[in-house]
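Asker: Have a look at the structure that comes next, please.
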Amino acid sequence: MTALLSVSGVSVSYGKVEAVRNVSLEVRTREIVTVVGANGAGKTTLLSAAMGVLPLKGQVTFDGVDIARLDIEDRVASGLSLVPEHRELFATMTVEDNLELGAFRIAKPVAAQSQERVYTLFPRLKERRKQLAGTLSGGEQQMLAMGRALMGAPKLLMLDEPSLGLAPIIVADIFRIVGELRDAGVSVLLVEQNAKAALGIADRAYVMELGEFVLDGPASEVARNEAVVASYLGFSHPA
Ligand SMILES: Nc1ncnc2c1ncn2[C@@H]1O[C@H](COP(=O)(O)OP(=O)(O)O)[C@@H](O)[C@H]1O
Ligand SMILES: [Mg+2]
(Lines give C-alpha, C1' and ligand atoms only; values in the text may rest on other atoms or scores of the structure.)
(Ligands and ions follow the chains in the order given, each with its own letter.)
Protein backbone atom coordinates (compact mmCIF):
# COMPACT_ATOMS: atom_id res chain seq x y z
CA MET A 1 0.00 0.00 0.00
CA THR A 2 1.27 3.47 -0.77
CA ALA A 3 1.89 5.83 2.10
CA LEU A 4 -0.38 8.77 2.83
CA LEU A 5 2.41 10.55 4.71
CA SER A 6 6.00 9.68 3.95
CA VAL A 7 8.84 11.29 5.88
CA SER A 8 12.25 10.36 4.57
CA GLY A 9 15.68 11.23 5.96
CA VAL A 10 14.33 14.23 7.83
CA SER A 11 16.45 16.34 10.17
CA VAL A 12 15.34 19.43 12.09
CA SER A 13 17.63 21.86 13.89
CA TYR A 14 17.33 24.67 16.41
CA GLY A 15 20.37 26.72 15.40
CA LYS A 16 23.31 24.35 15.67
CA VAL A 17 21.44 21.78 17.70
CA GLU A 18 19.93 18.96 15.64
CA ALA A 19 16.81 17.92 17.58
CA VAL A 20 15.64 15.41 14.94
CA ARG A 21 18.22 13.39 13.02
CA ASN A 22 17.65 11.46 9.81
CA VAL A 23 14.21 10.17 10.67
CA SER A 24 12.01 8.21 8.24
CA LEU A 25 8.40 7.26 8.82
CA GLU A 26 5.26 6.30 6.96
CA VAL A 27 1.57 6.57 7.73
CA ARG A 28 -0.72 4.63 5.42
CA THR A 29 -4.42 5.10 4.82
CA ARG A 30 -6.59 3.97 7.75
CA GLU A 31 -3.61 3.53 10.01
CA ILE A 32 -2.85 4.78 13.50
CA VAL A 33 0.89 5.22 13.77
CA THR A 34 2.47 6.25 17.04
CA VAL A 35 5.81 7.81 17.88
CA VAL A 36 6.62 7.14 21.51
CA GLY A 37 9.52 8.56 23.45
CA ALA A 38 10.52 10.40 26.61
CA ASN A 39 10.21 14.11 27.18
CA GLY A 40 12.75 15.90 24.96
CA ALA A 41 13.12 13.03 22.45
CA GLY A 42 12.13 15.29 19.54
CA LYS A 43 8.51 14.27 18.97
CA THR A 44 7.01 17.77 18.94
CA THR A 45 9.86 19.01 16.76
CA LEU A 46 9.12 16.28 14.22
CA LEU A 47 5.38 17.09 14.07
CA SER A 48 6.07 20.82 13.86
CA ALA A 49 8.37 20.26 10.91
CA ALA A 50 5.85 17.98 9.18
CA MET A 51 3.23 20.72 9.59
CA GLY A 52 5.58 23.41 8.24
CA VAL A 53 5.98 25.30 11.51
CA LEU A 54 9.72 24.56 11.48
CA PRO A 55 11.97 24.16 8.45
CA LEU A 56 13.41 20.70 7.80
CA LYS A 57 16.06 18.91 5.77
CA GLY A 58 14.91 15.82 3.89
CA GLN A 59 11.75 14.74 2.10
CA VAL A 60 8.10 14.82 3.07
CA THR A 61 5.36 13.67 0.72
CA PHE A 62 1.66 13.73 1.51
CA ASP A 63 -0.93 12.05 -0.66
CA GLY A 64 1.73 11.67 -3.34
CA VAL A 65 2.73 15.36 -3.34
CA ASP A 66 6.06 16.82 -2.17
CA ILE A 67 5.03 19.14 0.68
CA ALA A 68 8.42 19.76 2.30
CA ARG A 69 8.47 23.39 1.18
CA LEU A 70 4.77 24.21 1.36
CA ASP A 71 3.55 26.74 3.90
CA ILE A 72 1.21 25.70 6.70
CA GLU A 73 -2.00 26.85 4.98
CA ASP A 74 -1.25 24.77 1.89
CA ARG A 75 -0.50 21.71 4.03
CA VAL A 76 -3.83 22.17 5.82
CA ALA A 77 -5.59 22.56 2.48
CA SER A 78 -4.04 19.31 1.26
CA GLY A 79 -5.57 17.42 4.21
CA LEU A 80 -2.99 17.55 6.98
CA SER A 81 -4.00 18.75 10.44
CA LEU A 82 -2.15 19.13 13.75
CA VAL A 83 -3.56 19.19 17.27
CA PRO A 84 -0.76 20.93 19.16
CA GLU A 85 0.65 19.78 22.48
CA HIS A 86 -0.91 22.61 24.48
CA ARG A 87 -4.25 22.54 22.62
CA GLU A 88 -4.14 26.29 21.96
CA LEU A 89 -7.84 26.98 22.30
CA PHE A 90 -9.39 30.43 22.59
CA ALA A 91 -10.33 30.31 26.26
CA THR A 92 -12.74 33.25 26.22
CA MET A 93 -14.65 31.97 23.19
CA THR A 94 -17.38 29.34 23.20
CA VAL A 95 -16.96 25.73 22.11
CA GLU A 96 -18.98 26.51 18.99
CA ASP A 97 -16.87 29.54 18.06
CA ASN A 98 -13.64 27.57 18.57
CA LEU A 99 -14.98 24.93 16.17
CA GLU A 100 -15.96 27.57 13.65
CA LEU A 101 -12.37 28.85 13.64
CA GLY A 102 -11.31 25.39 12.47
CA ALA A 103 -13.61 25.82 9.48
CA PHE A 104 -12.78 29.37 8.43
CA ARG A 105 -11.58 28.26 5.01
CA ILE A 106 -14.57 26.05 4.17
CA ALA A 107 -17.94 26.90 2.67
CA LYS A 108 -20.75 27.37 5.22
CA PRO A 109 -22.86 24.29 4.30
CA VAL A 110 -19.77 22.07 4.40
CA ALA A 111 -18.80 23.57 7.75
CA ALA A 112 -22.26 22.78 9.12
CA GLN A 113 -21.82 19.15 8.07
CA SER A 114 -18.36 19.05 9.63
CA GLN A 115 -19.77 20.43 12.84
CA GLU A 116 -22.47 17.76 12.95
CA ARG A 117 -19.78 15.07 12.45
CA VAL A 118 -17.70 16.52 15.25
CA TYR A 119 -20.72 16.65 17.58
CA THR A 120 -21.51 13.02 16.75
CA LEU A 121 -17.96 12.01 17.66
CA PHE A 122 -17.95 14.20 20.77
CA PRO A 123 -21.50 14.48 22.16
CA ARG A 124 -20.03 16.26 25.18
CA LEU A 125 -19.00 19.17 22.97
CA LYS A 126 -22.55 19.48 21.68
CA GLU A 127 -23.89 19.62 25.24
CA ARG A 128 -21.37 22.35 26.03
CA ARG A 129 -21.46 24.25 22.76
CA LYS A 130 -22.33 27.58 24.41
CA GLN A 131 -19.76 27.16 27.19
CA LEU A 132 -16.47 29.09 27.16
CA ALA A 133 -13.54 26.87 26.19
CA GLY A 134 -11.52 28.00 29.22
CA THR A 135 -14.13 26.56 31.58
CA LEU A 136 -14.01 23.03 30.11
CA SER A 137 -12.28 20.14 31.86
CA GLY A 138 -8.90 19.00 30.52
CA GLY A 139 -10.47 16.08 28.67
CA GLU A 140 -13.14 18.29 27.12
CA GLN A 141 -10.49 20.78 26.02
CA GLN A 142 -8.59 17.98 24.30
CA MET A 143 -11.82 16.91 22.59
CA LEU A 144 -12.39 20.48 21.45
CA ALA A 145 -8.86 20.78 20.10
CA MET A 146 -9.39 17.54 18.15
CA GLY A 147 -12.83 18.66 17.03
CA ARG A 148 -11.47 21.95 15.74
CA ALA A 149 -8.77 20.10 13.78
CA LEU A 150 -11.42 17.80 12.31
CA MET A 151 -13.61 20.66 11.07
CA GLY A 152 -11.56 20.82 7.86
CA ALA A 153 -12.09 17.07 7.25
CA PRO A 154 -8.37 16.19 7.23
CA LYS A 155 -7.02 12.96 5.72
CA LEU A 156 -4.36 12.78 8.42
CA LEU A 157 -4.71 14.02 11.97
CA MET A 158 -1.48 14.53 13.90
CA LEU A 159 -1.96 14.47 17.68
CA ASP A 160 0.76 15.79 19.97
CA GLU A 161 0.44 14.20 23.43
CA PRO A 162 -3.35 14.15 23.66
CA SER A 163 -3.14 12.29 27.00
CA LEU A 164 -1.03 14.97 28.70
CA GLY A 165 -2.41 15.86 32.13
CA LEU A 166 -5.51 13.68 31.80
CA ALA A 167 -6.75 10.95 34.15
CA PRO A 168 -6.47 7.38 32.77
CA ILE A 169 -10.23 7.03 32.35
CA ILE A 170 -10.35 10.20 30.24
CA VAL A 171 -7.34 9.04 28.21
CA ALA A 172 -9.21 5.80 27.48
CA ASP A 173 -12.15 7.84 26.24
CA ILE A 174 -10.01 10.03 23.97
CA PHE A 175 -8.16 7.01 22.57
CA ARG A 176 -11.43 5.19 21.89
CA ILE A 177 -12.41 8.17 19.73
CA VAL A 178 -9.05 8.02 17.96
CA GLY A 179 -9.94 4.45 17.04
CA GLU A 180 -13.31 5.61 15.72
CA LEU A 181 -11.56 8.18 13.55
CA ARG A 182 -9.52 5.44 11.92
CA ASP A 183 -12.72 3.46 11.32
CA ALA A 184 -14.18 6.59 9.70
CA GLY A 185 -11.21 6.73 7.30
CA VAL A 186 -9.00 9.33 8.99
CA SER A 187 -5.37 8.31 9.42
CA VAL A 188 -3.68 9.29 12.67
CA LEU A 189 -0.11 10.10 13.65
CA LEU A 190 -0.08 9.98 17.44
CA VAL A 191 2.89 11.27 19.40
CA GLU A 192 2.98 10.23 23.06
CA GLN A 193 5.05 9.90 26.20
CA ASN A 194 2.24 7.64 27.42
CA ALA A 195 3.63 4.64 25.56
CA LYS A 196 1.29 2.15 27.17
CA ALA A 197 -1.88 3.86 25.99
CA ALA A 198 -0.44 4.71 22.58
CA LEU A 199 0.87 1.20 21.86
CA GLY A 200 -2.48 -0.14 22.96
CA ILE A 201 -4.32 1.60 20.17
CA ALA A 202 -1.77 2.04 17.37
CA ASP A 203 -1.25 -0.26 14.38
CA ARG A 204 2.45 0.53 14.08
CA ALA A 205 4.95 2.29 16.29
CA TYR A 206 8.28 4.08 16.21
CA VAL A 207 10.38 4.57 19.33
CA MET A 208 12.26 7.88 19.46
CA GLU A 209 15.31 8.59 21.61
CA LEU A 210 17.45 11.73 21.47
CA GLY A 211 16.17 12.77 18.06
CA GLU A 212 16.42 9.37 16.38
CA PHE A 213 14.19 6.37 15.81
CA VAL A 214 15.72 3.37 17.56
CA LEU A 215 13.00 0.80 16.88
CA ASP A 216 9.86 0.40 14.83
CA GLY A 217 7.33 -2.27 13.96
CA PRO A 218 3.78 -3.43 14.60
CA ALA A 219 2.64 -1.79 17.85
CA SER A 220 1.92 -5.14 19.48
CA GLU A 221 5.52 -6.26 18.81
CA VAL A 222 7.04 -2.99 20.00
CA ALA A 223 4.96 -3.31 23.19
CA ARG A 224 6.58 -6.70 23.83
CA ASN A 225 10.13 -5.53 23.16
CA GLU A 226 12.18 -5.97 26.36
CA ALA A 227 14.01 -2.66 26.09
CA VAL A 228 10.73 -0.82 25.48
CA VAL A 229 9.07 -2.57 28.41
CA ALA A 230 11.99 -1.67 30.67
CA SER A 231 12.22 1.97 29.55
CA TYR A 232 8.65 2.99 28.86
CA LEU A 233 6.14 0.47 30.13
CA GLY A 234 7.39 -0.38 33.62
CA PHE A 235 6.15 -3.34 35.62
CA SER A 236 2.47 -2.82 35.09
CA HIS A 237 2.63 -4.09 31.54
CA PRO A 238 1.61 -7.74 31.16
CA ALA A 239 4.52 -9.94 30.05
N1 LIG B 1 12.36 26.25 20.47
C2 LIG B 1 13.41 25.49 20.79
N3 LIG B 1 14.67 25.98 20.75
C4 LIG B 1 15.73 25.21 21.06
N5 LIG B 1 15.65 23.91 21.41
C6 LIG B 1 14.44 23.36 21.47
C7 LIG B 1 13.25 24.11 21.16
N8 LIG B 1 12.18 23.29 21.30
C9 LIG B 1 12.67 22.10 21.68
N10 LIG B 1 14.02 22.13 21.77
C11 LIG B 1 14.90 21.01 22.14
O12 LIG B 1 14.75 20.01 21.14
C13 LIG B 1 14.73 18.72 21.74
C14 LIG B 1 13.44 18.02 21.37
O15 LIG B 1 12.34 18.70 21.97
P16 LIG B 1 10.84 18.31 21.65
O17 LIG B 1 10.68 18.13 20.20
O18 LIG B 1 9.98 19.31 22.32
O19 LIG B 1 10.72 16.88 22.37
P20 LIG B 1 9.44 16.07 22.84
O21 LIG B 1 8.26 16.64 22.14
O22 LIG B 1 9.75 14.65 22.45
O23 LIG B 1 9.35 16.24 24.31
C24 LIG B 1 14.91 18.93 23.24
O25 LIG B 1 16.27 18.77 23.54
C26 LIG B 1 14.48 20.36 23.43
O27 LIG B 1 15.13 20.93 24.53
MG1 LIG C 1 6.50 17.36 22.91
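The values are calculated or read from the model by the stated rules, or taken from the named source; none is laboratory data. Remember, predicted model here, so these are calculated numbers, not experimental data. Here the Cβ positions follow ideal geometry from the backbone for every residue, glycine too, while neighbour counts run over all protein chains shown. Just the protein is used for accessible areas: all its heavy atoms, side chains included, with ligands, DNA and RNA removed. Shrake-Rupley method; radii C 1.70, N 1.55, O 1.52, S 1.80 Å.
Asker: Considering only the range 101-127, how many residues are of a type in the set (D, E, K, R) and within 12 Å of G152 (Cα to Cα)?
Answerer: Number satisfying all stated conditions: 3.
Asker: Then there's this: Does the range 22-39 hold any residues that are within 13 Å of ligand 2 (Cβ to nearest atom) and in contact with a strand residue (DSSP E or B) (Cβ under 9 Å, 6 or more places away or on another chain), and which are they?
Answerer: Residues satisfying the conditions are V35, V36, G37, A38.
Asker: Go through (1) modelled with pLDDT of 95 or more; (2) under 25 Å from S187 (Cβ atoms) and name the single condition A3 misses.
Answerer: (1)
Asker: May I pose another question? Collect the residues in the range 59-113 that are among the charged types (D, E, K, R), surrounded by 15 or more Cβ atoms within 10 Å (Cβ to Cβ) and part of a loop (DSSP other than H, G, I, E, B), keeping them in residue-number order.
Answerer: Once the filter is applied, which keeps residues that are among the charged types (D, E, K, R), surrounded by 15 or more Cβ atoms within 10 Å (Cβ to Cβ) and part of a loop (DSSP other than H, G, I, E, B), the range 59-113 yields D63, E85, R87.
Asker: While we're on this one: Which one is farthest from N39 (Cα to Cα) among residues in the range 180-219 that are assigned to a helix (DSSP H, G or I), more than 16 Å from ligand 2 (Cβ to nearest atom) and open to solvent by 10 Å² or more (accessible area, probe 1.4 Å)?
Answerer: My answer is D183.
Asker: Which of the residues belonging to the range 183-202 are more than 18 Å from S114 (Cβ to Cβ) and of a type outside the set (G, A, S)?
Answerer: Selection gives L189, L190, V191, E192, Q193, N194, K196, L199, I201.
Conditions (1) more than 8 Å from ligand 1 (Cβ to nearest atom); (2) assigned by TED's automatic domain parsing to the domain that holds V222; (3) in contact with a helix residue (DSSP H, G or I) (Cβ under 7 Å, 6 or more places away or on another chain), marked per residue:
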{"residue": "A3", "(1), (2), (3)": "yes, yes, no"}
{"residue": "E18", "(1), (2), (3)": "yes, yes, no"}
{"residue": "I32", "(1), (2), (3)": "yes, yes, yes"}
{"residue": "T44", "(1), (2), (3)": "no, yes, no"}
{"residue": "M51", "(1), (2), (3)": "yes, yes, yes"}
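Asker: Yes or no: A149 in contact with a strand residue (DSSP E or B) (Cβ under 7 Å, 6 or more places away or on another chain) and assigned to a helix (DSSP H, G or I)?
Answerer: Yes: the conditions hold for A149.
Rundown of residues vs (1) out of contact with any helix residue (DSSP H, G or I) (no Cβ under 8 Å at 6 or more places or on another chain); (2) hydrophobic (A, V, I, L, M, F, W, C); (3) within 14 Å of K43 (Cβ to Cβ), yes/no style:
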position: I174; (1), (2), (3): no, yes, no
position: E192; (1), (2), (3): no, no, yes
position: L199; (1), (2), (3): no, yes, no
position: M208; (1), (2), (3): no, yes, yes
position: V214; (1), (2), (3): yes, yes, yes
position: V228; (1), (2), (3): no, yes, no
position: L233; (1), (2), (3): no, yes, no
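Asker: Between L150, L164, which is touching a residue at least 60 places away in the same chain (Cβ under 8 Å) and surrounded by fewer than 21 Cβ atoms within 10 Å (Cβ to Cβ)?
Answerer: L164
Conditions (1) open to solvent by 10 Å² or more (accessible area, probe 1.4 Å); (2) in contact (Cβ under 8 Å) with a residue 60 or more places away in the chain; (3) of a type outside the set (A, V, I, L, M, F, W, C), marked per residue:
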site: L4; (1), (2), (3): yes, yes, no
site: G9; (1), (2), (3): yes, no, yes
site: V12; (1), (2), (3): no, no, no
site: A19; (1), (2), (3): yes, yes, no
site: V27; (1), (2), (3): no, yes, no
site: R30; (1), (2), (3): yes, yes, yes
site: T34; (1), (2), (3): no, yes, yes
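Asker: Restricting the first residue to the range 81-96 and requiring it to be without any contact (Cβ under 8 Å) to a residue 60 or more places away in the chain, which pairs with a second residue that is part of a strand (DSSP E or B) and surrounded by fewer than 19 Cβ atoms within 10 Å (Cβ to Cβ) meet a Cβ separation below 7 Å and a spacing of at least six or different chains?
Answerer: A91/L132; T92/L132; M93/L132; T94/L132
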